[in-house]
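Read-outs throughout are calculated quantities, based only on the coordinates presented, and are distinct from any laboratory measurement. A quick note: this is a predicted structure, and the numbers were derived from the prediction, not measured. Every residue, glycine as well, gets a Cβ built from its backbone with ideal geometry; the counts of neighbours run over all protein chains shown.
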Amino acid sequence: MTLTASQLNLTELFNVLVDAVVGCDQDQRIVYFNRGAEKIFGYTAEEVIDQPLDILLPERFVEIHRRHFAAFLASPIPSKAMGERQPIFARAKDGREFPAEAAIAKLRRGADTLSIVIMRDVTERRQLEAELRRQAEQAAVEAERNRIARDLHDAVTQTLFSVSVIADVLPRIWERNPAEGKRRLEELRQLSRGALAEMRTLLLELRPASLVEASLPDLLRQLSASITSRARVSVEVRINGDASDIPPEIKVSLYRIAQEALNNVAKHSGASKAEVVLTVGAPNGKEPHIALSVRDDGCGFDPTIAKPTHLGLNIMRERAAAIGAALRIESQPGKGTLVHVEVHPES
């Protein structure tokens with residue numbers, strides 16, 4: 001059976017909806033108010049019929065809503081979702097403001113145009129979303145704490161244990177073989193410096209604001225020293241140009257990319273040495289650019305079959321995309337890996 005629009009009883013339909021349905025004339029006066037609207041706003045239909053729509057809005061939004069409403073009536077658009085650019089807020093009879101989702105449609109009735117607004121109170125959903133975000137943030141914080149605890153155990157604690165053992169036996173070694181004692185003393189110095197660098201790196205994770213405060217060359221040197229201590233990989237850092245004025249968002253992203261790349265060197269590459277090169281400038285008259293590369297002499301991998309999540313490639317790509325940088329990863333089995341990222345900051 002096919003029904004025409006005139007055969008449908010829209011009043012009964014609107015009254016079974018839990019959402020608010022509010023009808024307005026061309027002067028933005030309320031001409032219809034369903035039961036859902038009565039429940040959501042706290043007014044009876046008799047209280048609001050022939051009243052301006054303004055009574056359902058927070059006062060600070062009245063003028064801008066009037067302009068948007070008039071522009072919609074004058075447009076050829078038959079319907080639209082409201083709040084596409086900013087959240088919609090409504091006001092109940094008791095003065096309570098609440099976030100809402102709304103849609104508006106035009107109904108032609110002869111020479112008149114009616115506007116039907118369908119609105120839903122999303123307070124509970126927003127509260128649930130906020131609670132879920134809070135829980136997710138707590139889970140992320142807990143996961144980060146666990147990671148830092150593992151790094152403390154796997155890197156710093158083991159390094160300090162080695163320092164303790166060498167310090168205990170060093171006097172006896174020195175008595176028997178001063179040359180070997182001197183070599184062990186140098187090893188003790190390197191281990192101590194590495195443990196200090198590792199601790200500073202972990203403290204940065206606990207206080208991310210420090211990444212913005214420190215210079216990128218210092219951060220890279222500290223990170224490289226911690227990798228040298230943790231994985232016994234010699235990491236050389238070279239800085240070309242003046243890196244003192246790198247924008248904070250670029251600095252943090254480049255640091256995170258270097259961190260991910262060097263973690264791969266430590267965990268997967270089996271490399272004996274690596275090189276970190278930061279270049280800042282405009283060579284040969286080209287536009288200003290910042291380039292960072294991390295190269296190692298490790299086992300390499302086949303980029304066509306490597307899992308992005310395994311080597312953190314997705315993380316590096318996301319970090320690069322966030323600052324509009326170009327990321328290039330080159331590797332072959334047995335021939336090491338190069339991670340190169342380049343960005344052209346706006347002048």
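Between the helical axis of 123-151 and the dominant principal axis of the chain, each derived from Cα atoms, what acute angle in degrees is found, rounded to the nearest 10? Rounded to the nearest ten degrees, it is 0.
The distance between label points at Glu97 and Leu114 comes to 3.1 nm (points 7 Å beyond Cα on the Cα→Cβ vector).
Highest-first packing order for the peptide set 289-299, 125-135 is 289-299, 125-135, based on the mean count of other beta carbon atoms within 10 Å.
Compared with the dominant principal axis of the Cα atoms in the chain, helix 248-264 is inclined by about 50°. Other residues with beta-carbon under 14 Å from the beta-carbon of Ser224 carry, at +1 per Lys or Arg and -1 per Asp or Glu, a net charge of +2.
In this simple spin-label model, placing a label point 7 Å from the Cα along the Cα-to-Cβ direction at both Gln127 and Ala139 gives a separation of 2.2 nm. In the chain, Rg over Rh equals 1.24, where Rg is the alpha-carbon radius of gyration and Rh the Kirkwood radius from pairwise Cα distances. Ordering Lys273, Lys182 by the number of other Cβ atoms within 10 Å of each residue's own Cβ, fewest first, gives Lys182, Lys273. Paramagnetic label reach from Arg193 (point 7 Å along Cα→Cβ; backbone nitrogen cut-off under 13 Å): within region 224-262, residues 224-229, 234-237. Taking the helices alone, the chain has a mean residue ellipticity at 222 nm of -14500 deg cm²/dmol, built from -39,500 (n - 2.57) per DSSP H run of at least 4 residues and averaged over all its residues.
Near Phe69, once Lys and Arg are set to +1 and Asp and Glu to -1 for all other residues with Cβ below 12 Å from its Cβ, the sum equals +1. Short-range pairs are left out: with C-alpha atoms under 8 Å and at least six residues apart, the relative contact order of the chain is 9 percent.
Sorted by average packing, counted as other Cβ atoms within 10 angstrom per residue and highest first, what order do 241-251, 71-81, 33-43 take?
33-43, 241-251, 71-81
With contacts taken as Cα pairs under 8 Å and at least 6 residues apart, region 207-290 reaches a relative contact order of 36 percent. Per residue, the average separation of C-alpha pairs within less than 8 Å and at least 6 apart gives region 8-121 a relative contact order of 27 percent.
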